[in-house]
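J.: Mind looking over this structure? Questions follow.
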Amino acid sequence: MAVGRVRTGIDGLDEMLQGGLPENHIVLVMGSFGTGKTTVGLQFLIEGLKAGDPCIFISLEEDKDSITKNAAAFGWNLSEAIEKKQLGLFKLEPSDAKTTITRIKSELPKFVKSFGAKRVVLDSVSLLNMMFSDDNERRSNLFNLCQLLRSTGATTLLTAEVKDDNPRSSRDGLAEYTADGVLLLQSEENKEGGEVQLTIRILKMRRTAHSRRVKPYSITDKGIVVHAGADVF
Ligand SMILES: Nc1ncnc2c1ncn2[C@@H]1O[C@H](COP(=O)(O)OP(=O)(O)O)[C@@H](O)[C@H]1O
Ligand SMILES: [Mg+2]
């Protein structure tokens, strides 16, 4: 049976994905700071809002005001969607680990269900992981969270920072195994010097064929644009 597709709203990326993310997937968007992970998350939700889908953005990093302002700079009006109760935007405090863990573990899955959310973004799983004291706890928490999110029927994006010494691995080296898909954003020195080139590739995407090519992308005043027609290597 063909899987349903959830368009990311980034045309070139949807082309690489043969129409969009497989429905109900949990996809990790990983890259170093400034590569556009939060923007990918917002653009994904904006695409959902356009289609009338209830959406949820959970931030452990930027506060609500900063997210709303960043989105506005791309021409995306979050306040309107929040007022209409089509978008739930939540800031959780990484410094208050106990409350944040409870809210994510037990309240979030229930809320996603009752809100009827079709799209969820958690920014970032690296900060969530920091709240646990060891890898076993991190692994089991992440595994449970992913199971619960899958059971809601929503399609989820998790963002993650990469390791300093291995930009192909998330900082904790865990979420890429639990997730159904992994998108890698990188900023690479151009060989001729000067311009830094941003590139995207799909490292993993269960239950679908996809492009394995490395494609350049830009962050413009309208959001992320993947140049699917161009090749990097
Ligand atoms: N309105 C905008 N127009 C063009 N580029 C932008 C705009 N807003 C942000 N950017 C670019 O996007 C980068 C940050 O993207 P962001 O999604 O916050 O990255 P990350 O979450 O990976 O740290 C900025 O450093 C800047 O280069
Ligand atoms: Mg970010």
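For every residue, the table says whether it meets (1) more than 18 Å from Arg119 (Cβ to Cβ); (2) within 12 Å of ligand 2 (Cβ to nearest atom); (3) surrounded by 14 or more Cβ atoms within 10 Å (Cβ to Cβ); (4) modelled with pLDDT of 95 or more.
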| site | (1), (2), (3), (4) |
| --- | --- |
| Met1 | yes, no, no, no |
| Gly12 | yes, no, yes, yes |
| Leu49 | no, no, yes, yes |
| Ile56 | no, no, yes, yes |
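J.: Going by the structure shown, is Val29 touching a Lys or Arg at 6+ places or on another chain (Cβ under 8 Å) and either among the aromatic types (Phe, Trp, Tyr) or under 20 Å from Thr178 (Cβ atoms) (or both)? Quick ask: steps written out before the conclusion?
T.: Details: touching a Lys or Arg at 6+ places or on another chain (Cβ under 8 Å): yes; either among the aromatic types (Phe, Trp, Tyr) or under 20 Å from Thr178 (Cβ atoms) (or both): yes.
When the stated conditions are applied, Val29 passes them.
J.: Under 6 Å between Cβ atoms, which residue pairs at least 6 apart in sequence (or on different chains) link something in segment 97-110 that is surrounded by 11 or more Cβ atoms within 10 Å (Cβ to Cβ) with a partner that is among the aliphatic types (A, V, I, L, M) and assigned to a helix (DSSP H, G or I)?
T.: Pro109/Leu148
J.: Looking at Asn141 and the list (1) free of Cβ contacts under 8 Å to residues at least 60 places away in the same chain; (2) within 16 Å of ligand 1 (Cβ to nearest atom); (3) of a type in the set (S, T, N, Q), which single condition is not satisfied?
T.: Going through the list (1) free of Cβ contacts under 8 Å to residues at least 60 places away in the same chain; (2) within 16 Å of ligand 1 (Cβ to nearest atom); (3) of a type in the set (S, T, N, Q), Asn141 breaks only (2).
J.: Condition check: over 14 Å from the mean Cα position of the chain (by Cα) and surrounded by 22 or more Cβ atoms within 10 Å (Cβ to Cβ). Does Ala71 satisfy that? Give the steps one after another, and end with the answer.
T.: Working: over 14 Å from the mean Cα position of the chain (by Cα): yes; surrounded by 22 or more Cβ atoms within 10 Å (Cβ to Cβ): yes.
It is true that Ala71 is over 14 Å from the mean Cα position of the chain (by Cα) and surrounded by 22 or more Cβ atoms within 10 Å (Cβ to Cβ).
J.: Scanning segment 121-155 for residues that are within 23 Å of Lys50 (Cβ to Cβ) and more than 16 Å from ligand 2 (Cβ to nearest atom), which turns out surrounded by the most Cβ atoms within 10 Å (Cβ to Cβ)? Steps first, please.
T.: Filtering segment 121-155 down to residues within 23 Å of Lys50 (Cβ to Cβ) leaves 121-123, 149, 152-155.
Add one more test, that the residue is more than 16 Å from ligand 2 (Cβ to nearest atom), and what stays is 149, 152-155.
Values: Leu149: 21, Thr152: 22, Gly153: 13, Ala154: 26, Thr155: 28.
Going through the qualifying residues, I end up with Thr155.
J.: I'm trying to understand the selection: among the residues of segment 26-42, which are near ligand 1 (Cβ under 6 Å from one of its atoms) and farther than 18 Å from Asp165 by Cα? Before you say what the answer is, go through the steps one by one.
T.: Here is the first cut: in segment 26-42, the ones near ligand 1 (Cβ under 6 Å from one of its atoms) are 31, 33-39.
Listed by number, the residues that qualify are Gly36, Lys37, Thr38, Thr39.
J.: Looking only at segment 173-201, which residues are surrounded by fewer than 20 Cβ atoms within 10 Å (Cβ to Cβ), part of a loop (DSSP other than H, G, I, E, B) and not basic (Lys, Arg)?
T.: Within segment 173-201, Gly173, Asn190, Glu192, Gly193, Gly194, Glu195 meet the criteria.
J.: Which numbered condition in (1) under 14 Å from the mean Cα position of the chain (by Cα); (2) more than 28 Å from Lys98 (Cα to Cα) is the only one that Ser59 fails?
T.: The number of the failed condition is (2).
J.: On to the next question. If you scan segment 204-226, which residues turn out to be in contact with a Gly (Cβ under 8 Å, 6 or more places away or on another chain) and either outside any loop (DSSP other than H, G, I, E, B) or surrounded by 15 or more Cβ atoms within 10 Å (Cβ to Cβ) (or both)? If you could, list the steps in order and put the result at the bottom.
T.: Initial filter on segment 204-226 (in contact with a Gly (Cβ under 8 Å, 6 or more places away or on another chain)): 204-206, 215, 217, 219, 221-226.
Hits for segment 204-226 are Lys204, Met205, Lys215, Tyr217, Ile219, Gly223, Ile224, Val225, Val226.
Condition check ((1) free of Cβ contacts under 8 Å to residues at least 40 places away in the same chain; (2) over 20 Å from Val226 (Cβ atoms)) across all residues:
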residue	(1), (2)
Val29	no, no
Phe44	no, no
Pro54	no, yes
Asp63	yes, yes
Ser66	yes, yes
Ala73	no, no
Ile82	yes, yes
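J.: Let me ask another. Just the residues that are out of contact with any Asp or Glu (no Cβ under 7 Å at 6 or more places or on another chain), under 17 Å from Ser66 (Cα atoms), surrounded by 13 or more Cβ atoms within 10 Å (Cβ to Cβ) and not β-branched (Val, Ile, Thr), please, taken from segment 80-92.
T.: Residues satisfying the conditions are Ala81, Leu87, Gly88, Leu89, Phe90, Leu92.
J.: Can you find a residue that is under 16 Å from the mean Cα position of the chain (by Cα) and not in a helix (DSSP H, G or I) anywhere in segment 12-19? Explain how you work it out, then say what you get.
T.: If we filter segment 12-19 for residues that are under 16 Å from the mean Cα position of the chain (by Cα), which is where we start, we get 13-14, 17.
Okay, now just the ones that are also not in a helix (DSSP H, G or I), so 17.
Checking segment 12-19: at least one residue is under 16 Å from the mean Cα position of the chain (by Cα) and not in a helix (DSSP H, G or I).
The values are calculated or read from the model by the stated rules, or taken from the named source; none is laboratory data. Because the structure is predicted, anything quoted here is derived from the model rather than measured. Note that each Cβ is placed from the backbone with ideal geometry, even for glycine, and that neighbours are counted across all protein chains shown.
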